[in-house]
């Protein structure tokens, strides 16, 4: 190898190392992750770092709405130097665009700040029983039917009915529940003719025709489908708004356990629940809350990737936080210590120490915005960490509600996922969606996770 080639190779290696060092630096990470859109409640401040160790000019398109490090921020601009952290405070509601320019000339970033009225809600932590009645009946499996001659048939599969389909009409009649569907199929079978059915799949309605088969032995007319007309289980209340009586819970969508499809429902309710036993979680075997539901306390109006939402008929009380707490927007949440509220016995809400170990501030398609780790010795001793039934347990940091626990890692029950409260509040209608909509960051499928709930 010639001297020139050796120098070129050495230069290339040094360049790669330099790039790696720069990419690993806190300044570079701060610049790359700097938000382009934040919400900020009126009267609150947001600490930020641009990550540029050079002189930068900051300007807002409107004066009087924001301050930078305590000074009014308008079009005349303010200077930042040395890459030091800075504070943006909300002085007046409205939407503001902030431009960051290197030496006042070279555009670096633009950030939109939505200043919203202050929001306070009552933190939850209460165990709740959840019940949904599906729209029609949900197909959760196929079965083979042996006819009177001993031949096997699969009428439902042969008709093109898939797992996750919702059967909403049979022979033109609306399907109420599992028993009603069986009666309609039996009636159709006695006519000796194939029966038209209407199924809903991924938001679309499809016509199918199925020929019921008379089963050997039972003499019943069957179509070879396992069906279910709803879901029920145990979860946790996240927040309650005394003014609107709206609530949010679970932090994730209610999906059928067999098909993993979100349940399209016609009605639903939540009830107060009393925890009677906890099955401790361990590696590869998630634990579970076992609870007895009691009096109905609210309705379910929405079932979304950020949880269930509706109206409370009975105002919940939280003895740990009798007064509403402020909420933190996504940009205000930080990695570090926090606490979660949940019930381990009866209806007693308790605090437990956790740590937010990683944040993904943008809304995701599956509602996972943070990774949390249980650090409380007592909770680890009694439950092993996060168990099914804790979905929706509110997370509090620095006196503000920041999110809710949603999933547990199967192979590490001390760790799990959480959703940020901002996206739950937006889904509940307590804050308006961002102008232009909220972009979703798609998540690839993960193994080793289960919702921290009991269905």
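What follows draws every value from the coordinates through simple rules; no lab data is involved. Since we're looking at a predicted model, the values are computed, not measured. Using ideal geometry, Cβ is built from the backbone for each residue, glycine included, and neighbour counts are taken over all protein chains shown.
The table that follows gives values for the structure above.
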read-out: For 148, 274, order by how many other beta-carbon atoms lie within 10 Å, fewest first; value: 148, 274
read-out: Among beta bridges that DSSP assigns inside the chain, antiparallel share in %, nearest 5; value: 95 percent
read-out: Stokes-Einstein D (µm²/s) once Rh is taken as the Kirkwood radius of the range 63-160 over alpha-carbon pairs, at 4 °C in 1.567 mPa s; value: 64 µm²/s
read-out: Computed [θ] at 222 nm, helices only, for the chain once each DSSP H run of length n ≥ 4 contributes -39500 (n - 2.57); value: -4000 deg cm²/dmol
read-out: Binned Cα-Cα distances of the chain, short to long, each 10 Å bin given as a whole percent; value: 4, 18, 22, 20, 16, 11, 5, 3, 1, 0
read-out: Estimated FRET transfer efficiency when R0 is 56 angstrom, pair residue 245-residue 144 (beta carbons, to 0.05); value: 0.65
read-out: C-alpha long axis of helix 178-191 to longest principal axis of the chain, angle in °; value: 40 degrees
read-out: Rounded to 10°, Cα long-axis angle of helix 3-24 versus longest principal axis of the chain; value: 70 degrees
read-out: Which of 329, 360 has the fewest Cβ neighbours within 10 Å, and the rest in rising order; value: 360, 329
read-out: Residue 87-residue 382 FRET efficiency (beta carbon distance; Förster radius 30 Å; 0.05 resolution); value: 0.15
read-out: For 145, 401, order by how many other beta-carbon atoms lie within 10 Å, fewest first; value: 145, 401
read-out: Convex hull volume per residue in cubic angstrom - Cα atoms of the range 144-223; value: 86 Å³
read-out: Full-stretch length increase - residue 63, residue 201 - with 0.36 nm per residue and alpha-carbon distance subtracted; value: 44.6 nm
read-out: Surface/4 of the Cα convex hull for the range 27-118, nm²; value: 5.0 nm²
read-out: Size descriptor, Kirkwood hydrodynamic radius, that averages inverse alpha-carbon separations across the range 313-426, Å; value: 14.2 Å
read-out: Value in Å of the Kirkwood radius, where the range 239-351 supplies the Cα pairs that are averaged; value: 16.4 Å
read-out: Length gained when the stretch residue 284-residue 335 is fully extended (0.36 nm per residue, less Cα-Cα span); value: 15.7 nm
